[in-house]
Amino acid sequence: IDSEDDLLQECISSAMPKKK
Amino acid sequence: PTPPYLKWAESLHSLLDDQDGINLFRTFLQQENCGDLLDFWFACSGFRKLEPSDSKVEKRLKLAKAIYKKYILDNNGIVSRQIKPATKSFIKDCVLRQQIEPDMFDQAQMEIQSMMEDNTYPVFLKSDTYLEYT
């Protein structure tokens, strides 16, 4: 089970642009 | 071609569309003790992007709660202080009633975005952090 912090980090990372 | 750091000065969105730009802006915000503004902005975008179909309801609820707890619940937090009371009540209601919609953080994200556009972003463009980079 993901901790809330992991979930948040994953969510933030998912919104970041990918390296060009 | 235009160097990326000149594009960053065009708009906040140009800056937030580039990984190096984000990293530099984050460094600057952390020095000003307001790095949470940027994390919250991206958390809202990430939350909106979750597909209802491929993401469990439970996970969406847990994430909505995590965003609420970390950035909005504490009225003294940098993010919470920039969000209107009505917007905070709306999000609180959504979480309490477990009415989790992809757009439930949109208004709060817009308020934080306006604040960055009017305040931290122009200050960043004049900061030593940005000028030394360029």
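The values are calculated or read from the model by the stated rules, or taken from the named source; none is laboratory data. Just so we're clear, the structure is a prediction, and the values are computed from it rather than from any experiment. So basically every Cβ, Gly included, is an ideal-geometry build from the backbone, and we count neighbours across all protein chains shown.
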Identity of the residue in segment B:52-69, within 16 Å of B:PHE105 (Cβ to Cβ) and in contact (Cβ under 8 Å) with a residue 12 or more places away in the chain, that ends up farthest from the chain's Cα centre (by Cα): B:PRO52
Within segment B:18-29, is there a residue that is more than 13 Å from every other protein chain (Cβ to nearest Cβ), in contact (Cβ under 8 Å) with a residue 60 or more places away in the chain, assigned to a loop (DSSP other than H, G, I, E, B) and not charged (D, E, K, R)? no
Scope segment B:84-100; condition surrounded by 13 or more Cβ atoms within 10 Å (Cβ to Cβ) and either of a type in the set (A, V, I, L, M, F, W, C) or farther than 18 Å from B:LYS70 by Cβ (or both); matching residues: B:PHE90, B:ILE91, B:CYS94, B:VAL95, B:ILE100
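Kindly provide the set of residues from segment B:48-102 that are part of a loop (DSSP other than H, G, I, E, B) and of a type in the set (Asp, Glu), ordered by number.
From segment B:48-102, those part of a loop (DSSP other than H, G, I, E, B) are B:50-56, B:73-77, B:83-84, B:97-102; that's our starting set.
B:GLU51, B:ASP54, B:ASP74, B:GLU101, listed by residue number.
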Across segment B:86-134, what is the total count of residues that are over 24 Å from B:LEU29 (Cβ atoms), modelled with pLDDT of 95 or more and of a type outside the set (D, E, K, R)? 7
Residues of segment B:1-13 that turn out to be at pLDDT 95 or above and either within 15 Å of the chain's Cα centre (by Cα) or among the β-branched types (Val, Ile, Thr) (or both), as a count: 2
